[in-house]
Amino acid sequence: MAQRSRVSRTLTKTGRILDTPCTLCRPSVVVRGMVDSPKTPARTDPLTEVQRGAWFEGTDAITAIREYDGTLEFELPREVQQATMGASRKRNLSLPGRGLSTTHCLLERRGDRLRLLDQHSTNGMYFQDRRVQDITIAPGDLFTLAPVTFFALNDEMRAHRPTIVDIIGTGFVPSADKLLIEAARGSSNLILTGEANCDQDRLARTIHAVSLRRRRSIVEITEIPDDRTKQRAILDSAARSTLVLPIAAGQRPLDPTFCSMVCSPSFHVRVIVLASSIDAARDALNRDAVDQMQHVWVRPLALRSTEIDRLLDRIFIERDATVRVADLTPANLAALRAHDWPDNLLGLRVIADKMLAHATHHGLRPAARALGMPASTLHSHLVGIGLSFPLFAG
């Protein structure tokens, strides 16, 4: 006997009777990968530290727009809600003679973000390699008002960019701006290589200071303990933060278990390795882990002779000095540019302090007393790099 199909009969307003399959007999919808779940809880439990990941929670407002690998920077105070950008000098952000349209785009503040709207420009606006009419950007985002590429900065990026430029230099790969953006937005592990006294440790701290992990304390260690409990304590303190791991020359291989754990995504640790070379890091760490890290070679000062003037002026400004590089005699400026600086940035700072002491105390002996060294030692240090007296003209 054939099985009778179950139907539901409905009487319409017009008197017609509609037969529809009974809902109890309809096949259920099956979603692959899903299992029966309990009832919705009355409240949601907060995530644990491990579950939260390295997420940033807090204010992260765009406060400037800067030309990528360029010199132009436009400040955008938080109270500014709208601005225009283009070639006309009447625009709030003006770039005449660079190929932009008269009014290329409109910028509107949306909380911590910026909304950019193309204003029927000739060459267009591009984001992530696509031409767009309307985008919303966050700190670290690159965009192009063809043909010029810009990126958005927050306060931390603006404050620490000069330090990255001082350490990385200009005209190298990766550029200071590329590293700044990676530091601010990314979470990949890094290996910083180079000669001693090139400020790799300072660069690591700066990378953390602009990163999304900046609200948590950076962890710097000098050695890895053998005790597993102490190793786990290091990992717990560095979770969702940055761990700086220096590799000494000729260092024996590190504990492979610790190396495996610290590079595991489950701990959410950003590792920054400081080493003299890639090979030195490979000898001490897991080779595969090192090869997956982003490599940044910090050049020695001997390869950056064209930047000596700028670096010295930066030191003079940091020391609140009244003199500048332009005040040096031509012979002394030439000597500083020609010196090979074996102690790199540390050596440059030491000489700058001695020069400033001589200029401030108006003579070799009073400068030596202020520095706590014999006058003969100060004299030999200055003369040893090719300087002559007077150091500064006038």
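The values are calculated or read from the model by the stated rules, or taken from the named source; none is laboratory data. Just so we're clear, the structure is a prediction, and the values are computed from it rather than from any experiment. Neighbour counts are summed over all protein chains in view; Cβ atoms, including those assigned to glycine, are modelled from backbone coordinates with ideal geometry. These accessible areas exclude ligands, DNA and RNA; they are computed on the full protein's heavy atoms, side chains included. Shrake-Rupley method; radii C 1.70, N 1.55, O 1.52, S 1.80 Å.
If you add up the charges near residue 361, with Lys and Arg at +1 and Asp and Glu at -1, over every other residue whose beta carbon is less than 15 angstrom from its beta carbon, what do you get? Working shown, then result.
Details: positive: 319, 354, 365, 369; negative: 353.
Around residue 361, the surrounding residues sum to +3.
Please give me the summed charge of the neighbours of residue 141: other residues whose Cβ is under 11 Å from its Cβ, Lys and Arg +1, Asp and Glu -1.
+2
Extension gain residue 319-residue 222, at 0.36 nm per residue separation less the Cα-Cα distance, in nm?
The residue 319-residue 222 span can extend by a further 31.9 nm.
In square nanometres, what is the average projected area of the Cα convex hull of the chain? Let's see the in-between values first.
Values: hull surface 147.2 nm².
Taking a quarter of the hull surface, the average projection is 36.8 nm².
Top mean-square fluctuation among 187, 380, 241, Gaussian network model of the chain, C-alpha springs under 10 Å?
Top of the fluctuation ranking is 380.
Considering only 266, 290, 306, whose Cα is most displaced toward the positive end of the charge dipole of segment 259-326, charges sitting on Cβ of Lys, Arg (+1) and Asp, Glu (-1)?
So the residue we want is 306.
Using the heavy atoms of the protein chains alone and a 1.4 angstrom probe, what is the accessible area of the chain per residue in square angstrom? Kindly include the intermediate steps, with their values, before the conclusion.
Values: 22140 Å² over 394 residues.
Here the per-residue accessible area is 56 Å².
Carbon and sulfur atoms: what percent of the 1.4 Å accessible area of the chain do they account for? Working shown, then result.
Numbers: 11430 of 22140 Å².
Here carbon and sulfur together make up 52 percent of the probe-accessible area.
By the scheme Lys and Arg +1, Asp and Glu -1, what is the net charge of all other residues having a beta-carbon under 15 Å from that of residue 106?
+3
Tell me, what is the 1.4 Å probe accessible area of residue 381, in Å² to the nearest 10?
Accessible area, nearest 10 Å²: 70 Å².
Only Lys, Arg, Asp and Glu count, each charged at its Cβ (+1, +1, -1, -1), so figure out the dipole size of the chain about its Cα centre, rounded to 20 debye.
1960
Quote the charge dipole size of segment 95-210 about the Cα centre in Debye, to the nearest 20; the model charges only the Cβ of Lys and Arg (+1) and of Asp and Glu (-1).
320
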